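Enquirer: Please see the structure below; I have some questions.
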Amino acid sequence: MRINNLKQLLDQDYEGTIKELIEYELENGAILEDNLSINEVVEQFMASGFSTIFDLKHYFK
């Protein structure tokens, strides 16, 4: 995915794109902390003080 495409996707559907990024990481062997579901991570991330998609790392083991 090119960075311009990612920016466009985030502008159009931020939450949906975050969900897709998490799903992609899980498909590639990542594990979520505390047995959280993807939807729980998205909800917590959106309500958190985190400001970039790179902060998603806090939800993975």
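The values are calculated or read from the model by the stated rules, or taken from the named source; none is laboratory data. It should be emphasised that the depicted structure is a prediction, and the values quoted were computed from it without experimental measurement. A quick note on method: Cβ atoms are made from the backbone with ideal geometry, for glycine too, and the neighbour counts reach across all protein chains shown. Accessible surface areas use protein heavy atoms only, side chains included; no ligands, DNA or RNA. Shrake-Rupley method; radii C 1.70, N 1.55, O 1.52, S 1.80 Å.
Enquirer: Are any of the residues in region 40-51 in a helix (DSSP H, G or I), of a type in the set (D, E, K, R) and touching a Lys or Arg at 6+ places or on another chain (Cβ under 9 Å)?
Expert: no
Enquirer: Among the residues of region 47-61 satisfying the criterion of being of a type in the set (A, V, I, L, M) and open to solvent by less than 80 Å² (accessible area, probe 1.4 Å), which is farthest from Lys7 (Cα to Cα)?
Expert: Result: Leu56.
Enquirer: Something else: How about region 22-39: which of its residues are outside any loop (DSSP other than H, G, I, E, B) and either exposed (fewer than 10 other Cβ atoms within 10 Å of the Cβ) or of a type outside the set (Ser, Thr, Tyr) (or both)?
Expert: If the condition is that a residue be outside any loop (DSSP other than H, G, I, E, B) and either exposed (fewer than 10 other Cβ atoms within 10 Å of the Cβ) or of a type outside the set (Ser, Thr, Tyr) (or both), then Ile22, Glu23, Glu25, Leu26, Glu27, Leu32, Glu33, Asp34, Asn35, Ile38, Asn39 are the ones that fit.
Enquirer: Kindly indicate whether Asn5 is modelled with pLDDT of 95 or more and not small (Gly, Ala, Ser).
Expert: no
Enquirer: Tell me which of these Leu10 doesn't satisfy, since it passes every other one: (1) assigned to a helix (DSSP H, G or I); (2) modelled with pLDDT of 95 or more; (3) not hydroxyl-bearing (Ser, Thr, Tyr).
Expert: In the conditions (1) assigned to a helix (DSSP H, G or I); (2) modelled with pLDDT of 95 or more; (3) not hydroxyl-bearing (Ser, Thr, Tyr), Leu10 misses (2) alone.
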